[in-house]
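Single-structure report; data block below.
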Amino acid sequence: MAKTTPQAPATGDATDAQKDLALIEVAGLSQSQIVRRRFLRHRGALVSMALLAFIVLLSFTSVGTQIAGLRVGGWWMWTWDQLTPVVDGGRPTMSLIPFAIGEHPFGQDEVGRDIFALVMRGTQQSLMIMVIVGLLATVVGTVIGAVSGYYRGWRDSVLMRFTDIVITIPVIVVGAVLGRTYGIQGAPVLALILGLVLWTAMARLVRGEFLSLREREFVDAARVAGASDGRIIFRHILPNAVGVIIVNATLLMASAILLETALSFLGYGVQAPDTSLGKIINENQTAFATRPWLFWWPGLFIIAIALCVNFIGDGLRDAFDPRQRKMPTERALAKAAAASVSGGAAGQAPAAAEAEAEDPRLREGAILPNAIVPEEDRPLPSPEDEPEGDPR
Amino acid sequence: MASFILRRLAQSLLIFIAATYLMYLLVALSGDPLQDLYESSAPNKQQLIDARIKLLDLDVPPFLRYFIWAGGLLGFTGHGFGWMGVNLQGAPVNTLLAQAMTSTLQLVTIAALVAIVLGLIVGITTALRQYSAYDYGVTFLSFLFFSLPIFWVAVLLKQYLAIGFNDFLRDPQIAWWFILIAAPVVGALWTSIIPGAPKRRLITFGIATAATAVVLVYMQLSDWFANPHIGPFWIVLTAVGIAFGVTAISVGLKRRRALIAALVTAAVGVALYFPFMYWLSYFLNEWLLILLGLVTIGVSYAIGWFMGGDDRKPVARTTALTGLFVASVTVLDRYMSVWQAYTNSGRIKGRPIATIGSQTPGLEGSMWVHGVDLFAHLLLPTIALILISFATYTRYSRASLLEVMNQDYIRTARSKGLTERTVVVRHAFRNALIPIATIIAFDIGGLVGGAVITERVFGWTGMGQLFQNGLDHVDPNPVMAFFLVVGGLAILFNLFADLLYAALDPRIRVS
């Protein structure tokens, strides 16, 4: 009757072993160490980090960059606005067998611009916009969420109604309107404007987090000890909400890069003579049948960046939020069971079926609820903060 | 509850008014609506400028002009209630909007429905098969979908799906090597979805592979792609399959009475196949078809009601669903029957999957032909549009079901000895739906926003175009008309979600 997945441990002591494993793995470690370890265990996130670092390095070193008229050159032979004679109809010169890069690895467009240089410049712009939007929206969203969640009352009402108003306008719509007004002033300005639009989801999440954290005992303890509001917010509550904030900041960045490319595609984003990945696609979508390489490369770079950021976000979520983490493998469980001789052999509980999903008790383990409290403000240990035994 | 609804309603209305004000200012301040006239070399330039200023009240600053616009909307300017002004050329926006709205809303509605159904099914199955190969595959795919730029995918779809499929239709031959590869792949897919001991998995694999191979060979031999059909034989087969499937999920196969009732409903549906195909369907239009669908549900519900015995309601629900599905398959067959005529018609010339526009201009034919035409035009934009929503719904329904499956009441239900089906369908699924309802409602506004891009790529003359043209010319009225629909939908669905949430989860109303 009960369906078990292959991963589901079959006996009751296996679930005890799970909990022991969860405890062993975090024993004697600080919160940041635990988070770092878990993150480093997420293979997809690590690979994504490496790939993203490679993309950043490649795009900035290859063609150099230009900030406010000041141009820094790179090691690549062409720049993104340089016109070169069109060779072989602009076909890409890159090939795998025999391996060769050639003069124009990604090909050329009709007027002879090197697509590699163009894509690299576009990647720079998109990355820069992504980072600025991510930082700005995170800061604005966190401040608004923190103020309304911590103070509640009229501040909460005003700020949340304002959030409701902004959230009613779809981001692509308000982005297009603002992009049309400010896109002409260059990518950094566009990024600032988009950052002022995308903070709404973050504000709501942070508010929710603050609403629940402000009722916790350690906040009461800090207040009784005479800590000011600012100190409570920044030293006590914010560090405990940082997981939610960081995870959503990465997801926000992924959506920012998609929004920027979409706006540039519609013509409301980065304007000529500068370029961005979405703009390259927009300029070349009709040329797909004749020169598909103009179209493939910018798209692949958008996907690579967004996918990397999404995976990093997933790794961070796994690291900060053990609720959604992967169950340990059977082998790890067996090891843990052998290591910690727990007297669980008697309980042949019908746990097989419920273990189909992850064991809920893992959540109550020693991992998350232990608040990060600054050393000097640490309150007396309350029984609730201690990891309980088996709730049954 | 009534006070909750009223409070929430008033709040939504105020937020909407404030949002329109914000939007109006942003659009009006985004540029100079007289720009094109300043640059023109017309001899009567000044006259044109004055005319436009007078037409659009440009002498009034935007933060006051909004109230002229809002007054017009409320009917104070003598144009009647709901007057949205004129665009730069002087054409009434109401007419423009009415033309644009149908195609966009059609696209968005269908995309939303498909995304919800697919997302829920995939999300729930992945949650039940957590950490299987299927789960990992879907997780990776949803990450990929999250990261895809819609406009890029849309161009790819145009190139490969539409043009490739149309080329394939010129000589629709399924290669034998394709069947040899596809059948085991589909078999492996089913094996990863349906769990069990190795022996059972092997049987699943065998059945799925054989079934796929048989269907593909049949398609090849009967020249299916040139002349798609389901036909009486397959209708009978699917009807029986539907009866068993619906019963298995809704009440369990152990209830013989329910199974027999479902089979009887399926039999009635099959018996009505020929009368429908060759007689009744010629007299229908869209509304009558919907009416007929409602009648079908009613009749099959009645069958279940009368055959249900002691506990009628679940049985009646089962037969109603069975009847609906069997009728849908029949209607699908009816649509397929005009496919050949549609593709060979002079307007289509054998290339049915459209890449541009929302309908074939000047196409003549019955409602069925127009339905096929709609399908051919909606296919690509819908796929492009649902990718992100599908990924979102999959992730959220998976997380939500996992969350519920860890609750104590699920443990209680299991320890009472309820079957896995009852636990999942009755206890877990219903509770998992509550948070998903909010996500979906929240997503509708974004879906319409995404339609702006999709319409642009596929050359639709819908609301996206209205919005873009208006924005390009700093013409607030069409943009505001667009926003009234989009923002209104977003507000409405959010309100709806809140009320639904309050109705489903009484804890909400307390706070």
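The values are calculated or read from the model by the stated rules, or taken from the named source; none is laboratory data. Small disclaimer: the values here were computed from a predicted structure and weren't measured. Cβ sites come from the backbone with ideal geometry, for glycine too, and all protein chains shown count toward neighbours.
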Query raised in the report: Hey, any hits in the range B:57-75 for a residue that's at positive phi, surrounded by fewer than 18 Cβ atoms within 10 Å (Cβ to Cβ), of a type outside the set (Val, Ile, Thr) and in contact with a Phe, Trp or Tyr (Cβ under 8 Å, 6 or more places away or on another chain)?
Result: yes
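Conditions (1) part of a helix (DSSP H, G or I); (2) under 29 Å from residue B:311 (Cβ atoms), marked per residue:
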site: B:201; (1), (2): yes, no
site: B:209; (1), (2): yes, no
site: B:220; (1), (2): yes, no
site: B:226; (1), (2): no, no
site: B:232; (1), (2): yes, no
site: B:242; (1), (2): yes, yes
site: B:247; (1), (2): yes, yes
site: B:252; (1), (2): no, yes
Requested in this report: Collect the residues in the range B:420-449 that are buried (at least 19 other Cβ atoms within 10 Å of the Cβ), within 14 Å of chain A (Cβ to nearest Cβ) and farther than 21 Å from residue B:408 by Cβ, keeping them in residue-number order.
Outcome: B:441, B:443, B:444, B:445, B:447, B:448, B:449
Query raised in the report: Of all residues in the range A:260-286, which are touching a residue at least 24 places away in the same chain (Cβ under 8 Å), facing another protein chain (nearest Cβ under 10 Å) and of a type in the set (A, V, I, L, M)?
Result: A:262, A:263, A:266, A:277
Query raised in the report: Under the condition of being of a type in the set (Gly, Ala, Ser) and free of Cβ contacts under 8 Å to residues at least 24 places away in the same chain, which residue from the range A:44-73 is farthest from residue A:305 (Cα to Cα)?
Result: A:69
Query raised in the report: Any idea which of (1) away from every other protein chain (no Cβ under 14 Å); (2) of a type outside the set (A, V, I, L, M); (3) loosely packed, with under 12 Cβ neighbours inside 10 Å is the one residue B:52 doesn't satisfy?
Result: (3)
Report task. Could you check, for the range B:103-124, whether at least one of its residues is over 29 Å from residue B:358 (Cβ atoms) and either at pLDDT 90 or above or out of contact with any Cys (no Cβ under 9 Å at 6 or more places or on another chain) (or both)? Result -> yes
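Every residue, every condition in (1) within 9 Å of chain A (Cβ to nearest Cβ); (2) under 29 Å from residue A:293 (Cβ atoms); (3) part of a helix (DSSP H, G or I); (4) in contact with a Lys or Arg (Cβ under 9 Å, 6 or more places away or on another chain), yes or no:
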| position | (1), (2), (3), (4) |
| --- | --- |
| B:141 | no, yes, yes, no |
| B:144 | yes, yes, yes, no |
| B:148 | yes, yes, no, no |
| B:155 | yes, yes, yes, no |
| B:169 | no, yes, yes, yes |
| B:174 | no, no, no, no |
| B:177 | no, no, yes, no |
| B:182 | no, no, yes, no |
Query - Every residue from the range A:194-205 that is surrounded by fewer than 20 Cβ atoms within 10 Å (Cβ to Cβ), touching a Leu at 6+ places or on another chain (Cβ under 9 Å) and in a helix (DSSP H, G or I) - result: A:201
Query raised in the report: Looking at the range A:206-221, is at least one residue of a type in the set (D, E, K, R), more than 13 Å from chain B (Cβ to nearest Cβ) and crowded, with 21+ Cβ neighbours inside 10 Å?
Result: yes
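Results for (1) under 26 Å from residue A:161 (Cα atoms); (2) away from chain A (no Cβ under 13 Å); (3) among the hydroxyl-bearing types (Ser, Thr, Tyr), shown as yes or no for each residue.
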{"residue": "B:3", "(1), (2), (3)": "yes, yes, yes"}
{"residue": "B:17", "(1), (2), (3)": "yes, no, no"}
{"residue": "B:39", "(1), (2), (3)": "no, yes, no"}
{"residue": "B:58", "(1), (2), (3)": "no, yes, no"}
{"residue": "B:70", "(1), (2), (3)": "yes, yes, no"}
Requested in this report: Taking only the range B:450-485 into account, find how many residues are more than 17 Å from residue B:20 (Cα to Cα), within 10 Å of another protein chain (Cβ to nearest Cβ) and either in contact (Cβ under 8 Å) with a residue 12 or more places away in the chain or within 18 Å of the chain's Cα centre (by Cα) (or both).
Outcome: 8
Query raised in the report: So which residues in the range B:227-251 are over 20 Å from residue B:270 (Cβ atoms) and either surrounded by fewer than 16 Cβ atoms within 10 Å (Cβ to Cβ) or modelled with pLDDT of 90 or more (or both), if there are any at all?
Result: B:227, B:249
